[in-house]
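The structure under discussion appears below in the form of structure tokens.
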């Protein structure tokens, strides 16, 4: 979670398109807070700890197949999850 300029904690949702992911490992290797991991046997990317996401979007920007999308959660999305 990151804080905006007003001290409000922001949360993010991470979506991985399994049909586009080809198990290259870029996203989970670059993710410093270990939000992403992989699932055997194909080693496709998965979201392991979504609450740890800082919203840096490195996984999204560096994915060679555009399989990862990171979005800030809206109030409606955050309330539905809580």
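Read-outs: derived from the displayed coordinates by stated rules, not from any lab. Just so we're clear, the structure is a prediction, and the values are computed from it rather than from any experiment.
Structure notes:
- Region 22-70 - percent relative contact order, Cα under 8 Å, separation 6 or more: 35 percent
- Three-way shape label, region 22-70, alpha-carbon gyration tensor, a/c 1.5: oblate
- Residue separation of residue 57 and residue 39 scaled by 0.36 nm, minus their Cα-Cα distance, works out to 4.4 nm of gained length.
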